């Protein structure tokens, strides 16, 4: 088995006496996505003006009860919307964390890393792209004993290839952004590590 990644691979390898760490990037944020921050920042300017105006209106003692209740309801929604915009900007501009797979004696530590979100690269067929934006912006970490890994497999799911294993009630996918030769090589590495050999 070749312990080095395929030639031209994006996988980086860092070895020491006790562990081996494989890491790779999950893509890059597009220039258009960075440009999309500009109108969001402009909106925040109007959002801040709305916050100030609504707060001043609420401070007036002569405001009718119905108007006050409506303004409180409106201000709550307006505030939540602004916070979501700020959180979106933060997730677009922050540095992406690479995925990593750390193999130690008897254990595996897998970090999913974070994925970029490109506003201008989704359509109806990829409508879940936006709904899953905040989920993919978080780095998930799995610490698994090698003996607890079940159903390590490389399979076809629709038009793409998936490398995954089962841990408890979860199916954990590895290397979604990698190429097929890279996943095939990584499968052999994992099989060797957990002691089931390679095909």
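Rank-order 76-88, 168-180 by packing density, defined as the average count of other C-beta atoms within 10 Å over each peptide's residues, highest first.
Result, highest mean first: 168-180, 76-88.
Return 62, 25, 166, 14 ranked ascending by Cβ neighbour count within 10 Å, so the fewest neighbours appear first.
Least to most surrounded, the residues fall as 62, 14, 166, 25.
Run the quick spin-label model on residue 83 and residue 177: label points 7 Å from Cα toward the beta carbon, then report their separation in nm to one decimal.
Result: 2.9 nm between the two label points.
Taking every Cα atom in the stretch 136-198, find the radius of gyration and the maximum pairwise distance Dmax, and write them in Å.
According to the Cα coordinates of the stretch 136-198, Rg and Dmax are 11.9, 35 Å.
Counting other beta carbons within 10 Å of each residue's own, what order do 193, 18 fall into, fewest first?
By the 10 Å Cβ count, ascending, the order reads 18, 193.
Taking the chain as the reference, fit the longest principal axis to its C-alpha atoms, fit the long axis of helix 180-194 to the helix C-alpha atoms, and give the angle between the two in degrees, 0 to 90, nearest 10.
70 degrees
Based on the alpha-carbon set only, what is the convex hull volume of the chain divided per residue, in Å³?
179 Å³
Arrange 157, 37 by Cβ neighbour counts within 10 Å, fewest through most, would you?
In increasing order of surrounding Cβ atoms, one gets 157, 37.
With angles folded into 0 to 90 degrees, how steeply does helix 37-58 sit against the dominant principal axis of the chain? Use alpha carbons for both and round to 10.
40 degrees
Counting only Cα atoms, I'd like the Rg/Rh figure for the stretch 34-93, Kirkwood definition for Rh.
With Rh from the inverse mean 1/r over Cα pairs, Rg/Rh is 1.11.
How many nm separate the modelled label positions at residue 188 and residue 156, each set 7 Å beyond the Cα in the direction of the Cβ?
If labels sit at residue 188 and residue 156, their model points lie 2.2 nm apart.
Compute the acute angle (0 to 90°) between the alpha-carbon long axis of helix 65-93 and the principal axis of greatest extent of the alpha-carbon atoms of the chain; round to the nearest 10°.
30 degrees
Taken together, the values in this text are just the output of simple stated rules run on the coordinates, not laboratory data. Worth saying up front: this structure is predicted, and the values here are computed from it rather than measured. Cβ coordinates were reconstructed from backbone atoms using ideal geometry, including for glycine residues, and neighbour counts include every protein chain displayed.
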